[in-house]
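In what follows, a single structure is set out as structure tokens and then discussed.
The values are calculated or read from the model by the stated rules, or taken from the named source; none is laboratory data. Only a predicted model underlies this, so the values are computations on that prediction, with no experimental measurement involved. Backbone-built Cβ (ideal geometry, glycine too); neighbour counts: all protein chains shown. Heavy atoms of the whole protein, side chains included, go into the accessibility calculation; ligands, DNA and RNA do not. Shrake-Rupley method; radii C 1.70, N 1.55, O 1.52, S 1.80 Å.
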Amino acid sequence: MQVPVITLDGPSGSGKGTISQRLAEQLGWHYLDSGALYRLLACAAARDGIALDDVDGLVALAGRIHGEFGFSAAGEERVLLDGVPVTTELRTEQLGNAASRIAALPAVRAALLAWQRRYRQLPGLVADGRDMGTVVFPDADLKIFLTANPAERAIRRYNQLKNIGKEVTLESVVGEVKARDERDRSRAASPLVPAVDAHLLDNSSLDVEETVALVLAHASSIF
Ligand code: DC
């Protein structure tokens, strides 16, 4: 039996992480935050002194690191890299940018493919990222391309960073989000584009509950 998958792709600050987690919770399905795998690899590269353009070094590193992703009883994210907590570090814009740089390398993307596909387990998977519907799960049952206007996305990202205690200015976040999105959209390997069969959903003026309800409405006509 083919395990059902819902993919949510979109740029940073589109809310896909929060929406995907809620969907997975409500459906009782597994959740893949694919961006966290790119971030974890970038984090391990910094730890081991591997340059962000050292393709062979990064591919070998992807094969030997061990990541654990979960949530505390209070619902706070907890990520371990080879047994060491890296949660706060992982969410910085610095690591977001490093992740975006290594994500432009086709060999690195290929090295992370099998790891991502292993998350496809019963009763189902909600996967969020940039190429979930185009490359990683092209046969997904439901594909959503989530976006919001750039100003709204920058404010959401700014609030996320403030919430985890990062000292940032809105101005710097606007610049970083813009640069990262441009790189993710313009790269040759698996660029950030909607799958041809994706539903486009602009949630600039919707809150989390409203967005989740819209995705669930699509889901209820399929599952
Ligand atoms: O979703 P995020 O912001 O945590 O992702 C960090 C970077 O990783 C993002 O800027 C691009 C890259 N990424 C990717 O190329 N493909 C994915 N499926 C997920 C993330």
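Being modelled with pLDDT of 95 or more, within 17 Å of the chain's Cα centre (by Cα), surrounded by fewer than 19 Cβ atoms within 10 Å (Cβ to Cβ) and more than 9 Å from the ligand (Cβ to nearest atom) is the requirement here; does Phe137 meet it?
In short, no.
Only one of these conditions is not met by Gly175: (1) over 17 Å from the mean Cα position of the chain (by Cα); (2) over 19 Å from Gln21 (Cβ atoms); (3) in contact (Cβ under 8 Å) with a residue 12 or more places away in the chain; (4) in a helix (DSSP H, G or I). Which number is it?
Failed condition: (3).
More than 10 Å from the ligand (Cβ to nearest atom) and not in a helix (DSSP H, G or I), is that true of Arg120?
Against the criterion (more than 10 Å from the ligand (Cβ to nearest atom) and not in a helix (DSSP H, G or I)), Arg120 qualifies.
State all residues of region 169-222 that are over 27 Å from Leu105 (Cβ atoms) and in contact with an Asp or Glu (Cβ under 7 Å, 6 or more places away or on another chain); if no residue qualifies, say none.
Ser204, Ile222
For the condition among the hydrophobic types (A, V, I, L, M, F, W, C), more than 13 Å from the ligand (Cβ to nearest atom) and crowded, with 21+ Cβ neighbours inside 10 Å, what is the one hit in Leu170, Leu146, Leu125, Leu200? Can you show your working first?
Details: Leu170 fails: crowded, with 21+ Cβ neighbours inside 10 Å; Leu146 fails: more than 13 Å from the ligand (Cβ to nearest atom); Leu200 fails: crowded, with 21+ Cβ neighbours inside 10 Å.
The unique qualifying residue is Leu125.
Can you tell me which residue is farthest from the ligand (Cβ to nearest atom) among those in region 183-197 that are farther than 20 Å from Ala217 by Cα and open to solvent by less than 80 Å² (accessible area, probe 1.4 Å)?
Val193
I'd like the full set of residues that are of a type in the set (Phe, Trp, Tyr) and touching a residue at least 12 places away in the same chain (Cβ under 8 Å), limited to region 54-81.
As a first pass, look at region 54-81 and keep what is of a type in the set (Phe, Trp, Tyr): 69, 71.
Listed by number, the list holds a single entry, Phe69.
Are there any pairs, at least 6 apart or on different chains, whose C-beta atoms fall under 9 Å, with the first in region 19-33 and within 11 Å of Leu125 (Cβ to Cβ) and without any contact (Cβ under 8 Å) to a residue 24 or more places away in the chain and the second part of a helix (DSSP H, G or I) and open to solvent by less than 10 Å² (accessible area, probe 1.4 Å), and if so, which?
none
If you go through region 167-223 one residue at a time, how many are of a type in the set (S, T, N, Q) and under 17 Å from Arg153 (Cα atoms)?
So the count comes out to 6.
Tell me yes or no: at least one residue of region 183-190 is within 19 Å of Ile19 (Cβ to Cβ) and touching a residue at least 12 places away in the same chain (Cβ under 8 Å).
Within region 183-190, one or more residues are within 19 Å of Ile19 (Cβ to Cβ) and touching a residue at least 12 places away in the same chain (Cβ under 8 Å).
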